[in-house]
Amino acid sequence: MKKFSVLLAVLMLLLLTVSVYAQGEVIFEMADPTGDAKGDGNYTHPKAGDFGDRVAEMLDLTNFKVTDLGNKVEFRLSFALEPNYVNPWGGIGINFHRIDIYLVTGEEGGKTETFREGAFVKFAEPWNKLIKVLDWNQSKIFTTADDPADEDAGIEVSNDFTVKLEGKDIVVTVAKSIIGEIDGSTKYYVLVGHQDGFGPDNYRSVAEVAGEWNGGGGDDTNFNPNVYDMLAETADEQYKQLGSWEIGKLAVIKPVGGKSSGTSTTTIVVTSAAVVAAGGAAAYFFMLKGKKAA
Ligand SMILES: [Ca+2]
Ligand SMILES: [Ca+2]
Ligand SMILES: [Ca+2]
């Protein structure tokens, strides 16, 4: 009877470990303040009726989570309101969102300029890989080795690179064969702008005064960022960074992450594995004992 209960306990722990693995290991997670989808604090949204009256919430990033799914990595971006709350032009339901996830892996050959001109920011630390997200399955993945002038550069959406809508989340899943291994040392720049198929790098421009099809509160030059929300600890930190431009000089923004924190799931897996190992040893011991007694 004792043998049986020990084996049962081992099996249950094994199941627990397997289910934790199935959910994936959270590599990085960070909340973003709500109500800050206004660039440097003063940006206003384009005025055309197509955008509805809650686009500031639709573009308001609230959380960013990176999960290791075994042979894939999931990037989950949550918003204050469903990204397809208003969605006049079909597509996959993210008509207004233009998102860039730049990864800082520390590899050789990183760049501090954006892949193509459009967001109009510069990076404090060089990036290595870019997940460019927009609607109509036009999302792509680039590395610094890609040629920005080549229209066909980058990896297109496929079974190994998907962009989907789940409630208030935009979920990007990429095979590790494409994106590589991502760990706690990876840093991120997450930029959210308005999408414009004809805009620079598909960003919608932010000018001094908002119009039907352009945002306001910026400048008529291409030196102010076309970024409305950015993953940062506080709204003020974002406003300060996105506001750090002047004519002739782009705003410089800082990455987040890279502290190897937020991996509590790892601890559970490791602990479970250790308990399973100990349980297995105990079960083996009991079985040996049983044999001797027989
Ligand atoms: Ca936000
Ligand atoms: Ca501008
Ligand atoms: Ca923000």
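The values are calculated or read from the model by the stated rules, or taken from the named source; none is laboratory data. In this text the structure is predicted, and so the values were computed from the model without any measurement. With ideal geometry, Cβ positions are generated from the backbone for all residues, glycine too; neighbour counts draw on all protein chains shown.
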Out of (1) assigned to a strand (DSSP E or B); (2) closer than 30 Å to Y239 by Cβ, what's the single condition that is false for K164?
-> (2)
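Pick out the one residue from G70, G24 that is at pLDDT below 95 and more than 14 Å from V172 (Cα to Cα).
The conditions single out G24.
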Considering residues of the range 35-54 that are within 12 Å of ligand 1 (Cβ to nearest atom) and crowded, with 21+ Cβ neighbours inside 10 Å only, the residue nearest to N84 (Cα to Cα) = A37
Kindly provide the set of residues from the range 106-123 that are of a type in the set (D, E, K, R) and not in a loop (DSSP other than H, G, I, E, B), ordered by number.
-> K111, E113, K122
Exactly one of E208, E166, E181, E212 is more than 27 Å from E57 (Cβ to Cβ) and either among the acidic types (D, E) or in the same structural domain as N137 (by TED's automatic domain parsing) (or both), and that one is E181
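Within the range 237-251, count every residue that is away from ligand 3 (no atom under 16 Å from the Cβ) and surrounded by 15 or more Cβ atoms within 10 Å (Cβ to Cβ). Steps first, please.
Restricting attention to the range 237-251, the residues satisfying the condition of being away from ligand 3 (no atom under 16 Å from the Cβ) are 245-250.
After this cut, where a residue has to be surrounded by 15 or more Cβ atoms within 10 Å (Cβ to Cβ) as well, the list is 245, 250.
Selection size over the range 237-251: 2.
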Residue ID - farthest from A232 (Cα to Cα), chosen from residues in the range 186-203 that are small (G, A, S) and more than 15 Å from the chain's Cα centre (by Cα) = G197
Right, T234: near ligand 2 (Cβ under 10 Å from one of its atoms), modelled with pLDDT of 95 or more and surrounded by fewer than 20 Cβ atoms within 10 Å (Cβ to Cβ) or not?
-> no
When the range 35-82 is checked residue by residue, the ones that are of a type outside the set (D, E), within 16 Å of ligand 3 (Cβ to nearest atom), within 21 Å of the chain's Cα centre (by Cα) and assigned to a loop (DSSP other than H, G, I, E, B) are G35, A37, K38, G39, L59, A80, L81
Among (1) crowded, with 21+ Cβ neighbours inside 10 Å; (2) farther than 19 Å from N84 by Cα - the single one G193 does not satisfy = (2)
Consider Q238 against the criteria (1) in a loop (DSSP other than H, G, I, E, B); (2) within 18 Å of H194 (Cα to Cα): it satisfies all of them except one. Which criterion is unmet?
-> (1)
